[in-house]
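Heads up: the structure comes next, in structure tokens.
The values are calculated or read from the model by the stated rules, or taken from the named source; none is laboratory data. What you are looking at is a predicted structure, and each value in this text was computed from that prediction instead of being measured. Note that each Cβ is placed from the backbone with ideal geometry, even for glycine, and that neighbours are counted across all protein chains shown. All accessible areas refer to the heavy atoms of the entire protein, side chains included, with ligands and DNA or RNA removed. Shrake-Rupley method; radii C 1.70, N 1.55, O 1.52, S 1.80 Å.
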Amino acid sequence: MADAIAAIESAGAMGMKPSAIADLVGRSRQAVRDALKAAAERGELVYRDNGPHSVYVYPDHDGAP
């Protein structure tokens, strides 16, 4: 999933939707969601819950203090 995390970092503050990441890495959406959720729990990513527009953001781009 290193490719996914690099893509999320490149996306900047806009982040990326899990479906776009799944398409990028060629894995199922469920497998990608599980991996991204685990990465967020480890602090490697930040999940922004915006309903159908939810995205994962690299921590440096989150804007949180």
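Observations, loosely collected:
- Around residue 41: net Lys/Arg minus Asp/Glu count, Cβ-Cβ under 13 Å: +1
- Residues whose amide H falls under 5 Å from that of residue 55, counting only those 5 or more places apart or on a different chain, are 48, 50, with hydrogens built in the peptide plane.
- Counting only protein heavy atoms and using a 1.4 Å probe, the accessible area of residue 44 comes to about 70 Å².
- Basic side chains Lys and Arg get +1 at the Cβ, acidic Asp and Glu get -1 at the Cβ, and with that the dipole of the chain about its Cα centre reaches some 240 debye.
- Which of 12, 26, 38, positive extreme of dipole for the chain (C-beta unit charges): 26
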